[in-house]
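Each remark here refers to the structure printed beneath this line.
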Amino acid sequence: VIKDENSIVKGLFAPVIETTERVLGFRRTKLLRELGSRMSSALDIQSICSQAIEVFQGLPSDIPFAMVYFYDASRHTLTLQAKTSNISLGHVAAPEKVVVYLDENDDEGGSGSGSGSSMGWPFKEVFESCSIMTVPSLSSLFGEALPGGSWPENASMGLVVPIMSTSTIQENALLGVLVMGVNTRRAFDEEYNGFVELVARLLSNSLNSSITLQSERSRADALTELDRAKTTFFNNISHEFRTPLTLMLSPLQDMLTMKNLQKDVKGQVDLIYRNAQRLLKLVNSLLDFARIEAGRMQASFRPTDLASFTADLASMFRAALEKVGLVFTVILPEEHKDVYA
């Protein structure tokens, strides 16, 4: 109350504090926080889109309606993954599939669903510009009203928002688009645009993470299958090697027991025999490895004279080295200690 010197009321002073921006900031921050939290627990593309739509439905003031489309580049098709419940099934503004030809030569006739914008939403233009496109006069465009979310008025403006891919293979590639309505009681200004970009970025990060995770899983499954095929191959080929080796060792052993066998011939036969035994051991090791991978074998260690094992292993190369005039010397410790192997 404003009074004069005679205490007569001359006016009123009513201070007004503008809180619109604070309310908007709080509301939009809450939506972004909820969106990031909900999508972080989703793993596949369908779940991420469904979680995002649930958040939009719970906070419909700034996103009155929404639809998320995922792009299949091999088929040039946008497929509806999820939509808010206030958009009826079969609504003209929410087609389940839209073909988007990015190359004009692929669009035969340039009409129908092939143009990507004939259904009303400028999908093709968004793919070409990789930027947010505004769509005014929705009721006139589609012939049907679109919901205004928290407000009684029908939505008059919509947005087609690109969801970008972080792939380094193709620059400015899109994973899909977010179609959404604009608050009927707010102008689509720079701040509103920034809010929408943050929503699209959260969607993009979650979808890209999901795609990367699925790629890693597919790669791991492929490597596992490749390893399984490799083990099966070695298992089969080991059996094929084992049979002729076993049949070869018996005659060699009989030759070594012959008394009339010349000394130099006996040395060569002994070398062949020991190498054949070593090859058989390697074949058996491959079979053991296959059993270990299948969980059908348990390791059993026993004392081994490492010096004798080394001398026996080195002797297999002596003949080849001496044949080319090299001196081959193996130095072993005097005291032999067994190790478990």
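The values are calculated or read from the model by the stated rules, or taken from the named source; none is laboratory data. The shown structure was predicted, so the numbers you read here are calculated from the model rather than taken from an experiment. No Cβ is skipped: glycine too gets one built from the backbone with ideal geometry, and neighbour counts run over all protein chains shown. SASA here: full protein model, heavy atoms, side chains in, ligands and nucleic acids out. Shrake-Rupley method; radii C 1.70, N 1.55, O 1.52, S 1.80 Å.
Where Rh is the Kirkwood radius over the Cα pairs of region 159-270, the temperature 25 °C and the viscosity 0.890 mPa s, what D in µm²/s does Stokes-Einstein return?
Details: Rh = 21.1 Å.
The Stokes-Einstein estimate is 117 µm²/s.
Once the Cα gyration tensor of region 287-337 is diagonalised, what are the square roots of 5 times its eigenvalues, in whole Å and ordered largest first, as equivalent ellipsoid semi-axes?
On the way: eigenvalues 216, 66, 5 Å².
Square roots of five times the eigenvalues give 33, 18, 5 Å.
So what is the accessible area of the chain per residue, in Å², with the probe set to 1.4 Å?
Details: 21470 Å² over 341 residues.
Here the residues of the chain average 63 Å² of exposed surface.
What are the ³J(HN,Hα) values, in whole Hz, obtained from phi via the Karplus relation 6.51 cos²θ - 1.76 cosθ + 1.60 with θ = phi - 60°, for each residue of region 60-71 in sequence order, with x given for Gly and Pro?
Each residue of region 60-71 in turn: x, 5, 9, 10, x, 8, 7, 9, 10, 10, 10, 9 Hz.
What does the net charge come to around residue 253 if you take all other residues with beta carbon closer than 13 Å to its beta carbon, with K and R at +1 and D and E at -1?
With Lys, Arg at +1 and Asp, Glu at -1, the net is 0.
I'd like the orientation of helix 306-315 relative to the chain: the angle between its Cα long axis and the longest Cα principal axis, in ° from 0 to 90, rounded to 10.
80 degrees
So if I restrict to the alpha-carbon atoms in region 234-288, what is the Rg, and what is Dmax, the biggest pairwise distance, in Å?
Here Rg and the maximum Cα pair distance are 13.0, 41 Å.
Given the C-alpha atoms of the chain, compute the convex hull and give its volume per residue in Å³.
Numbers: hull volume 125.3 nm³, N = 341.
Expressed per residue, the convex hull around the Cα atoms of the chain is 367 Å³.
With springs connecting C-alpha atoms under 10 Å apart, model the chain as a Gaussian network and identify which of 56, 241, 142 has the largest mean-square fluctuation.
The residue that fluctuates most here is 241.
Using a 1.4 angstrom probe on the protein heavy atoms only, could you order 336, 76 from most to least accessible area? Can you show the working numbers first?
Numbers: 336 95, 76 60 Å².
Per-residue accessible area, sorted high to low, gives 336, 76.
Just add up the charged neighbours of residue 238: K/R +1, D/E -1, any other residue whose Cβ is under 14 Å from the Cβ of residue 238. Intermediate results must be reported in sequence, preceding the final value.
Details: positive: 230, 242, 281, 291; negative: 240, 288, 293.
Once positives and negatives cancel, what remains is +1.
Kindly report, to the nearest 10 Å², the accessible surface of residue 258 as traced by a 1.4 Å probe over protein heavy atoms only.
90 Å²
Just how many % of Cα pairs in region 32-75 lie over 16 Å apart, if you round to the nearest whole percent?
Numbers: 384 of 946 pairs.
So the portion of pairs separated by more than 16 Å is 41 percent.
From largest accessible area down, sort 48, 237, 292; use a 1.4 Å probe on the protein chains. Walk me through the numbers before you get to the answer.
Values: 48 0, 237 55, 292 100 Å².
Largest accessible area first, the residues go 292, 237, 48.
Where does each of 184-195, 206-217 land if you order them by average Cβ count within 10 Å, highest first? Before the final figure, lay out the partial values.
On the way: 184-195: 13.0, 206-217: 15.4.
Ranking the peptides 184-195, 206-217 by packing returns 206-217, 184-195.
Are there trypsin sites (Lys or Arg not before Pro) in region 61-101 that DSSP marks as loop and that have at most 15 other Cβ atoms within 10 Å, and which are they?
Details: sites: 75, 83, 97; in loops: 75.
Counting only loop positions with at most 15 other Cβ atoms within 10 Å, the trypsin sites (Lys or Arg not before Pro) in region 61-101 are 75.
Local charge sum around residue 36 (other residues, Cβ-Cβ under 14 Å, Lys/Arg +1, Asp/Glu -1)? Each step should come with its number before you reach the end.
On the way: positive: 28, 30, 33, 38, 201; negative: 34, 54.
Charge balance near residue 36 sits at +3.
Whole number please: convex hull volume per residue of the Cα set in region 1-43, in Å³? The partial results should precede the final answer.
Working: hull volume 2.4 nm³, N = 43.
In region 1-43, the Cα hull volume divided by residue count equals 55 Å³.
At a probe radius of 1.4 Å, what is the per-residue accessible area of residue 130, in Å² to the nearest 10?
In the full protein context, residue 130 sits at about 40 Å².
Using a 1.4 Å probe over the heavy atoms of the protein chains, calculate the carbon and sulfur portion of the accessible area of region 137-226 as a whole percent.
Values: 2400 of 4830 Å².
The value for region 137-226 is 50 percent carbon and sulfur by accessible area.
Mind grabbing the base-10 log of I(q)/I(0) for region 252-341 at q = 0.15, 0.20, 0.26 Å⁻¹? Debye formula, identical points on the C-alpha positions, no solvent, two decimal places.
-0.84, -1.11, -1.23
If you build a Gaussian network model of the chain, linking Cα atoms that sit under 10 Å apart, which residue out of 305, 288, 270 swings the most?
Per the Cα network of the chain with a 10 Å cutoff, 305 tops the list.
Over region 263-341, what is the relative contact order in percent, taking alpha-carbon pairs closer than 8 angstrom and at least six residues apart?
Values: 38 pairs, mean separation 28.4, N = 79.
The value is 36 percent.
For region 26-104, what is the convex hull volume of the alpha-carbon atoms per residue, in Å³? Write down the numbers at each step before the final one.
Values: hull volume 8.9 nm³, N = 79.
Cα-based convex hull of region 26-104, divided per residue, equals 113 Å³.
Divide by every residue of the chain the summed helix terms, -39500 (n - 2.57) for each DSSP H run of at least 4, and state the resulting mean residue ellipticity at 222 nm, rounded to the nearest 500 deg cm²/dmol.
Working: 8 runs with 161 residues, N = 341.
Rounded to the nearest 500, it is -16500 deg cm²/dmol.
With Kirkwood's inverse mean 1/r over C-alpha pairs for Rh, give me the Rg to Rh ratio of region 215-266, two decimals please.
On the way: Rg = 21.5 Å, Rh = 14.6 Å.
That ratio is 1.47, to two decimals.
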